[in-house]
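Remarks on the structure that follows.
The values are calculated or read from the model by the stated rules, or taken from the named source; none is laboratory data. In this text, all values refer to a predicted model and were calculated from it rather than measured experimentally. Note: ideal-geometry Cβ built from the backbone for every residue, glycine included; neighbour counts use all protein chains shown. For the accessible areas, the whole protein counts, side chains as well, though only heavy atoms, and no ligand, DNA or RNA atoms are used. Shrake-Rupley method; radii C 1.70, N 1.55, O 1.52, S 1.80 Å.
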Amino acid sequence: MTISRRDFLKIGGASCIVAGAGAALVGCSPAGGSDDTALADTGEATLVGYSPVNFTDEADILIIGSGYAGLGAAMAPALAGKKIIIAEKQAQIGGDSATSCCFMFANGTELQQKAGNPMTIDKYWEASAEKLSAGWDQYEWFGEWVKGKTYANTRFVDSAINDFGAKYQEPCTEEELPRLFGSVILPADGIGSGGPNILQPIAAKLKELGTDIRCGLRATALIKDTEGAVIGCRFEDTTSGKVTDIKAASTVLATGGFADNGEMVMEHLPAWANHAQLVHGCIGEGHKLAAAAGAQMFGMDSSFERCNLMGDIPNCTTWGYWTPIVLVLPNGKRFIEEAQSHDAAQAAVDAGYRQWWSIFDQRAFEARAIAHSVEGNIKSHEDVYVKADTLEDLAVGMDVPVETLKATFARYDELVAGGEDTDFGKKAWLESLQPPYHALKLNVCRYKTSGGVMCGPNNQVLDMNDAEIPGLYAAGAVALQSFASVSACMATGYYTGETLAAL
């Protein structure tokens with residue numbers, strides 16, 4: 001087999017694959033030569049300008065990325081005694097997951113059962129199977145796959161607690177969380193505390209079980225054998241520039257989204273291009289590596305599933321689930337229903353603004369699900385925090401029109417008194433705020449993207465013909481079926497790990 005420059009450009013551009021184990025690393029050709037110039041033949045040929053493949057490390061499973069999806073993919077295999085290497089490009093583990101609100105959905109976990117929640121995973125699946133499986137009729141295997149992912153979400157939580165020492169909060173009651181209370185679980189210190197309570201304990205236990213976690217390694221090329229199977233990956237040390245080739249029977253892409261890649265955002269989400277980026281490091285390298293290996297990509301414009309702009313204090317956007325909050329624009333006017341977490345940024349943009357204010361009272365400091373987050377975010381965002389005993393002083397501190405803010409609150413209190421939010425449809429926590437008032441200013445930003453590779457019935461990445469690419473798996477935000485949801489990232493990671501543990 002001979003691969004020409006023209007053939008290569010069709011499948012990967014500047015990303016690299018390998019023509020054969022021990023053969024030349026195939027990438028964009030050095031300058032010169034025609035489009036039909038052979039880049040490399042299978043065998044022992046080399047290519048000027050590229051280092052030959054030289055495997056210096058080997059594992060059963062190579063996982064690229066150490067967020068919830070990557071760690072989740074390692075859990076079951078580590079317990080099964082598999083040799084695992086996790087490669088993370090940043091200097092510490094966690095990726096985007098380290099800054100996640102960690103607002104998790106789960107059903108039938110031991111944690112929820114012990115708290116008296118009667119919902120079992122079997123009952124949940126029975127009630128939700130049709131909805132969760134809808135829209136994928138072209139894949140006869142999809143119903144069984146989504147069932148596996150749904151059950152894997154529950155098993156992730158149970159294993160995280162029982163096998164890996166993760167710490168979760170006692171599930172919220174209906175009084176604490178009027179909406180969604182039966183299906184939401186949080187890390188031990190509430191919203192935004194997943195790092196110390198979930199990520200770090202899992203990583204520590206994985207290391208104890210023999211998993212090799214390496215930081216500062218950036219994936220630059222998947223390596224294929226002559227039959228087209230992915231057999232490893234090339235990495236570059238982010239500090240020294242040293243190149244390392246790692247061989248693996250199974251390679252898992254758990255590299256996150258692409259919100260921090262301006263070029264990809266401009267291509268797929270041009271409306272987001274001029275917004276600031278909140279999470280740094282989600283540069284879409286997994287998408288590029290997969291595409292270079294022949295994977296098909298879906299939903300890259302994030303329209304396939306709910307994925308949105310966010311505020312630059314993402315924890316704050318969730319507080320309205322647990323406490324009364326009033327959201328206002330810089331003009332002092334209310335603009336959205338507050339007992340939700342996803343829509344305020346886009347609503348602000350639609351109204352012609354890139355900022356908004358979240359106003360709350362003492363109850364936010366007392367709600368156990370968010371108290372830690374409230375205190376922490378006020379401390380770390382003092383420059384955009386205002387506290388006042390009167391609406392007049394609050395408006396001055398926020399630099400919004402005093403009379404407009406007073407009118408906004410008068411209207412809101414009128415709606416509270418009437419028992420119905422006829423302006424925006426708010427139901428949970430339709431209650432008046434009491435002084436002293438607290439306010440935080442949020443800026444619109446890019447937070448995460450959805451869309452990516454399609455995975456098949458065995459969690460392997462599918463090529464352009466819906467055939468599985470041997471040796472290549474994907475989980476988390478790089479995979480279409482995760483929808484960039486933290487729970488689905490955990491679930492797809494754990495489900496992939498269960499597949500690999502059984503090999």
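From the alpha carbon centroid of the stretch 182-260 to that of the stretch 361-420 is 40 Å. Label sites at GLU431 and ARG214, each approximated as a point 7 angstrom past Cα along Cα to Cβ, lie 5.3 nm apart. The GLU170 and ALA502 beta-carbon pair, evaluated with R₀ = 35 Å, returns a calculated FRET efficiency of approximately 0.55. Here the chain exposes an accessible surface that is 50 percent carbon and sulfur, computed with a 1.4 Å probe and the other protein chains kept in place. Fully extending the segment from ASN162 to TYR139 would add 4.8 nm, taking 0.36 nm per residue of separation and subtracting the current Cα-Cα distance. Consider a paramagnetic label point 7 Å from the Cα of SER380 along Cα→Cβ; state which residues of the stretch 317-359 have an amide N under 16 Å from it. Only 317-319 pass the distance filter.
Once each part is reduced to its C-alpha centroid, what is the distance from the stretch 424-470 to the stretch 320-342 in angstrom? The stretch 424-470 and the stretch 320-342 have Cα centres separated by 18 Å. Counting only DSSP beta bridges with both residues in the chain, the antiparallel share comes to about 65 percent.
Express in % the proportion of alpha carbon pairs of the stretch 112-230 at distances exceeding 26 Å. Pairs farther apart than 26 Å: 45 percent.
Of all alpha-carbon pairs in the chain, indicate the percentage at a distance above 44 angstrom. The proportion of pairs with Cα distances above 44 Å equals 20 percent. Taking 0.36 nm per residue of sequence separation and removing the Cα-Cα distance, the ASP301/GLN362 pair yields an extension gain of 18.0 nm.
For the peptides 426-439, 93-106, residues were scored by their other Cβ atoms within 10 Å and the scores averaged per peptide; the highest-first order is 93-106, 426-439. Put simply, when 311-323, 354-366 are sorted by average Cβ atoms within 10 angstrom per residue, most first, you get 311-323, 354-366. Judged by the ratio a/c of the largest to the smallest principal axis of the C-alpha gyration tensor, the stretch 194-268 counts as oblate, that ratio being 1.5 or greater while a/b is no larger than b/c. Its residue count N sets the reference 2.2 N^0.38 Å, and the alpha-carbon radius of gyration of the stretch 323-416 equals 1.07 times that reference. Given the -39500 (n - 2.57) contribution per DSSP H run of 4+ residues, what per-residue ellipticity at 222 nm results for the chain, rounded to the nearest 500 deg cm²/dmol? After summing the helix terms and dividing by the residues of the chain, the value is -8500 deg cm²/dmol. Of the three principal axes defined by the Cα atoms of the stretch 143-196, the extents in descending order read 35, 27, 17 Å.
Extension gain for the segment GLU392 to TYR353, taken as residue separation times 0.36 nm less the Cα-Cα distance, is 11.8 nm to one decimal. As an equivalent ellipsoid, the stretch 255-296 spans semi-axes of 20, 12, 6 angstrom, where each value is the square root of five times an eigenvalue of the C-alpha gyration tensor, largest first. Max-minus-min Cα coordinates of the stretch 423-503 on each principal axis give 61, 26, 23 Å, with the largest extent listed first. Taking label points 7 Å from Cα along the Cα-to-Cβ direction, ALA127 and THR56 give a separation of 5.5 nm.
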